[in-house]
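The values are calculated or read from the model by the stated rules, or taken from the named source; none is laboratory data. Computed from a predicted structure; not experimentally measured. No Cβ is skipped: glycine too gets one built from the backbone with ideal geometry, and neighbour counts run over all protein chains shown. Calculation scope for accessible area: heavy atoms of the full protein, side chains included, ligands and nucleic acids excluded. Shrake-Rupley method; radii C 1.70, N 1.55, O 1.52, S 1.80 Å.
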Amino acid sequence: MSVWSRALAWLGLPSGGQRAAQLDPLLAAINSRYPAVAGTVVGPETAARKIAVGASIRVISNIGRSLPLHAYRGEGAETERLKTPPLLRDPDATGYGLDDWVAQFLWSVAARGNALVHIVERASSTLPATILVQHPDLLYPDVTAKGDLWWIPAKGKEIPARDMLHARMFPVPGGVLGPSPIAQHANTIGLGIAAEQFGKDFFDSGGHPTGLLKSPAPLNDTQSRKVKERFLIASGSREPVLLPDGISYEQIQVTPDDSMFLEAQGYTSAECARIFGPGMPEILGYDTGGSMTYANVVDRDLQLLKYTLDPYLVLVERLLTRCLPRPHYVKFNRGALLRMNLLDRMRAYEIGARIGMDTPNYQLALEDRPPVPWGDKPFPVSKSASGEPAQKEAQPS
């Protein structure tokens with residue numbers, strides 16, 4: 001069976017005919033992998049119309065691409081930061097650099113639940129030199145008769161498993177691809193999109209009448225039409241309205257809250273943001289029913305990192321580590337996200353120096369300041385009279 005035939009069979013389409021003629025139904029079948037809610041197919045692109053979904057994906061990809069990523073060797077006291085390998089300068093050799101590659105990877109994982117990376121060029125038999133993030137909707141796994149796993153793009157080109165790197169956010173037993181978070185929560189996202197559409201129709205096309213003309217006596221169709229026409233002409237020109245005897249005007253007040261769609265918007269927005277992690281609604285400013293105190297405002301960056309961003313960052317680290325010679329590994333500098341204000345940083349530096357953990361030059365480098373000649377050794381620490389560690393005053397040499 002050909003590659004194209006297997007692709008069509010996997011998507012439930014008949015085989016045969018010209019490939020060009022089958023391209024449209026193939027793409028339609030790929031679209032059909034996502035459910036429809038309220039008449040709208042809730043795929044990743046459609047779901048991004050919901051601001052909470054699009055903003056959550058941007059937060060994950062933009063913060064991830066902004067964090068420094070370095071290569072290391074060793075652990076503990078023997079940890080050594082290495083010179084940046086060529087792979088970490090421009091992984092896909094497009095000229096956009098590492099940050100762009102990381103953004104593509106995180107977008108793919110956040111929106112699709114999977115990241116598929118094609119090893120385009122190798123530096124050796126075991127190490128890649130160029131790795132390209134593929135669009136996850138255009139590839140799928142296929143187990144051949146020999147039991148080998150192939151990744152088959154929609155254009156009909158086979159890629160052997162040895163040339164693919166796969167990361168999945170939500171692995172499931174017995175499956176190759178992890179489930180898409182958008183497909184899993186299509187009903188919630190679709191409800192939010194439907195509420196937005198209702199709100200647009202509500203205001204654009206006059207979802208409710210703005211006023212009521214009352215008559216004490218019944219009016220025929222001709223009389224009713226004339227009264228309404230005269231009222232509309234006068235109100236449109238902002239001139240005083242002269243109504244016939246007995247005709248009165250009553251304005252109808254229907255607030256957005258009364259229509260319930262804003263309440264539905266707020267609820268579904270928070271729920272959509274929560275799909276990507278527990279800390280995401282608070283970061284985006286959605287009301288989740290909890291109080292926001294000073295303590296949790298200060299700690300929300302840590303909450304975002306711990307409960308939302310860290311699992312995504314770990315996927316990047318592990319995949320890029322597979323591309324380096326052992327025992328080298330890569331790691332994000334998560335401290336760049338948790339950067340404190342000046343006073344809190346100085347207090348942290350003081351504690352680090354007091355216990356002999358940091359050198360002055362290390363702390364100066366974190367503040368982008370030049371080193372001092374005497375700053376390559378930790379401050380000496382001695383025991384106080386109470387037996388507690390006491391820091392001696394550092395004497396410049």
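FRET efficiency for GLU80 and ALA365, Cβ-Cβ distance as r, R0 = 22 Å, nearest 0.05? It comes out at approximately 0.85. Computed with a 1.4 Å probe on the full set of protein chains, the accessible area for LEU127 sits at about 40 Å². Taking amide hydrogens as placed 1.01 Å from N in the peptide plane, the amide H of ALA129 sits under 5 Å from those of GLU121, ARG122, ALA123, each at least 5 positions away in sequence or on another chain. For ARG322, the accessible area of its heavy atoms, probed at 1.4 Å with every protein chain present, is near 130 square angstrom.
Roughly what % of Cα-Cα distances in the stretch 72-145 sit above 21 Å, to the whole percent? Here the tail beyond 21 Å accounts for 43 percent of pairs.
3J(HN,Hα) along the stretch 217-233: 10, x, 10, 7, 4, 5, 5, 5, 5, 5, 4, 5, 4, 5, 5, 5, 5 Hz, from the Karplus curve 6.51 cos²θ - 1.76 cosθ + 1.60 with θ = phi - 60°, whole Hz, x for Gly and Pro. Ordering TRP101, SER124, ALA48 by the projection of their Cα atoms onto the charge dipole of the stretch 43-138, which places +1 on the Cβ of Lys and Arg and -1 on the Cβ of Asp and Glu, puts ALA48 at the extreme positive end.
Centre-to-centre separation between the Cα atoms of the stretch 326-356 and those of the stretch 40-103: 21 Å.
Using 0.36 nm per residue and subtracting the Cα-Cα separation, the extra length available between ARG225 and ALA161 on full extension is 15.7 nm. Residues whose amide H falls under 5 Å from that of MET164, counting only those 5 or more places apart or on a different chain, are ILE119, with hydrogens built in the peptide plane. With a cut-off of 15 Å between beta carbons, the residues surrounding ASN62 carry a summed charge of -1, where Lys and Arg count +1 and Asp and Glu -1.
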